[in-house]
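Visitor: Have a look at this one before I ask anything.
The values are calculated or read from the model by the stated rules, or taken from the named source; none is laboratory data. All of these numbers come straight from a predicted model, not from anything done at the bench. Backbone-built Cβ (ideal geometry, glycine too); neighbour counts: all protein chains shown. Just the protein is used for accessible areas: all its heavy atoms, side chains included, with ligands, DNA and RNA removed. Shrake-Rupley method; radii C 1.70, N 1.55, O 1.52, S 1.80 Å.
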Amino acid sequence: MTAYYNGFPQSDRDEAISMINVDELEERAKEVMPEGAYYYIASGSENEWTWRNNTSAFNHFQIVPRALTNMDNPQTDTEFMGMKLKTPIMISPIACHGIAHKDAEVATQKGAAAAGALFSSSTYGNKSVEEIAAAAPGAPRFFQLYLSKDWEFNKMVFDAIKKAGYNGIFLTVDALVSGYREANLRTKFAYPVPLDFFTRYQGGKGEGQTVAQMYASSAQKIGPDDVKRIKEMSGLPVFVKGVVCAEDAYLAMGAGADGIYVTNHGGREVDSGPATIDMLPEIAKAVNHRVPIIFDSGVRRGSHVFKALALGADLVGIGRPYLYALALGGAKGVESVIKQLNDELVIDMQLTGCKTIEDVKNARLTHIDYTADNLKSNTDPSRIKPYPVTKDNQIKEDDSDAVSGASQA
């Protein structure tokens, strides 16, 4: 079934998803999502080398199997910042879940809570933090902050998330401007569904703007003093999100950060940057267990989760796969993706003699050198495939104010 917001098609599904692996969902999501919305998720910056390399670079590290461990029934439950979780897999923050499902972040939160996973929502979310919190009372959740140039806006956000019971803040520092995202330009993508914090602060809908326009309202200048100010104003733990080198980990900890979030924004910002998994070891060495580490970018397998934990992460985030699942199955779809990756992780734990997540953090990996590709973007005209036209993924032509860049029937 499909719902519509000003002609923009939104999935209203709520069903578990059957899959062999999470990569399958990327192509299946085209059947229910408009073209512009789909490519907002399924793309990176420039030639998308970093986007691709984020996943392929996991192959640079190899899991060493163990035998005669006299162990069975591995357990994936873990504790993080005082929160008890059923899995080390986390929902990374992404803007505008309403492009995937009519219930947007509310459905994502429900799916994460059902799976026992940490959820995080974005400043650019469609649903209010109050609605999200009410969807899963008591569930663990963090908030991703795009720091605004307007500190009154920031204070409004801090007050709202604290009252709603959020457990902490991810301060994004790696997206001060939008990366050069060719897919968004080719489809003329603009946010088609209102963004709550912009609606409540500006009185506007927060829709119809491009990604670059939205980023322009955020601070382009962030330093250590901002970390301190956010901690003081919010009264919440602050993780610095967007660290990809040891130097920045030292800066963040020196500013009083409560944790380090290793990510390159899923390859959506600086193309030709290193894969996060390749940089995780040096960051973990610099941090030296003084604060927790969260990791994301390119995670598509339970073995990827295993490797990130073994290289120093405490939690491992997923991004694009859960949005595809949200479009295909709503809250139950999100739960299905987390379960799929968690099931794969359990297999690796059994075959390496790791009974607990703490055991995984001490598991042995090996490493080999590699070469990488330099392919053109998947949305380059020489590579792009025709986008499918279905009854569920089309904007209604009689709604002239619809925006998304969707293909027309």
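Matching residues to (1) out of contact with any His (no Cβ under 7 Å at 6 or more places or on another chain); (2) touching a residue at least 12 places away in the same chain (Cβ under 8 Å); (3) surrounded by 15 or more Cβ atoms within 10 Å (Cβ to Cβ); (4) closer than 20 Å to E358 by Cα:
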site	(1), (2), (3), (4)
N6	yes, yes, yes, no
P9	yes, yes, yes, no
S45	yes, yes, yes, no
P74	yes, yes, yes, yes
D77	yes, yes, no, yes
P88	yes, yes, yes, yes
P93	yes, yes, yes, no
H97	yes, yes, yes, no
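Visitor: Another question about this same structure. From the set of residues in the range 214-268 that are among the basic types (K, R) and not in a strand (DSSP E or B), which is surrounded by the most Cβ atoms within 10 Å (Cβ to Cβ)?
Guide: That would be R268.
Visitor: A further question on this structure: Select, from A275, A257, A284, A313, the only residue that is touching a helix residue (DSSP H, G or I) at 6+ places or on another chain (Cβ under 6 Å) and under 19 Å from N54 (Cβ atoms).
Guide: Criteria check complete, one pass: A275.
Visitor: Exactly one of (1) under 18 Å from S217 (Cβ atoms); (2) open to solvent by 10 Å² or more (accessible area, probe 1.4 Å); (3) not in a helix (DSSP H, G or I) is unmet by M156. Its number?
Guide: With (1) under 18 Å from S217 (Cβ atoms); (2) open to solvent by 10 Å² or more (accessible area, probe 1.4 Å); (3) not in a helix (DSSP H, G or I) applied to M156, the lone miss is (3).
Visitor: Ok, one more. Against the conditions (1) of a type in the set (S, T, N, Q); (2) outside any loop (DSSP other than H, G, I, E, B); (3) open to solvent by 60 Å² or more (accessible area, probe 1.4 Å), where does S18 fall short? Just the number, please.
Guide: So S18 meets the others, but not (2).
Visitor: Here's a follow-up. Looking at K228, K149, K188 in this structure, which one is at pLDDT 95 or above and more than 22 Å from the chain's Cα centre (by Cα)?
Guide: K228
Visitor: Related question: Which of the following residues is at negative phi, under 20 Å from the mean Cα position of the chain (by Cα) and at pLDDT below 95: V244, V211, V240?
Guide: Sole residue among the options that is at negative phi, under 20 Å from the mean Cα position of the chain (by Cα) and at pLDDT below 95: V211.
Visitor: Go through the range 89-124 and report how many residues are closer than 11 Å to L323 by Cβ and among the polar types (S, T, N, Q).
Guide: Total satisfying the criteria: 2.
Visitor: Looking at the structure I just gave you, is A139 in a loop (DSSP other than H, G, I, E, B), touching a Phe, Trp or Tyr at 6+ places or on another chain (Cβ under 9 Å), at pLDDT 95 or above and within 21 Å of A100 (Cβ to Cβ)?
Guide: yes
Visitor: Please find, within the range 386-400, the residue that is modelled with the highest pLDDT out of those that are open to solvent by 80 Å² or more (accessible area, probe 1.4 Å) and of a type in the set (D, E).
Guide: E397
Visitor: While we're on this one: Can you find a residue in the range 167-176 that is over 27 Å from G256 (Cα atoms), small (G, A, S) and either open to solvent by 40 Å² or more (accessible area, probe 1.4 Å) or touching an Asp or Glu at 6+ places or on another chain (Cβ under 9 Å) (or both)?
Guide: No, the range 167-176 contains no residue that is over 27 Å from G256 (Cα atoms), small (G, A, S) and either open to solvent by 40 Å² or more (accessible area, probe 1.4 Å) or touching an Asp or Glu at 6+ places or on another chain (Cβ under 9 Å) (or both).
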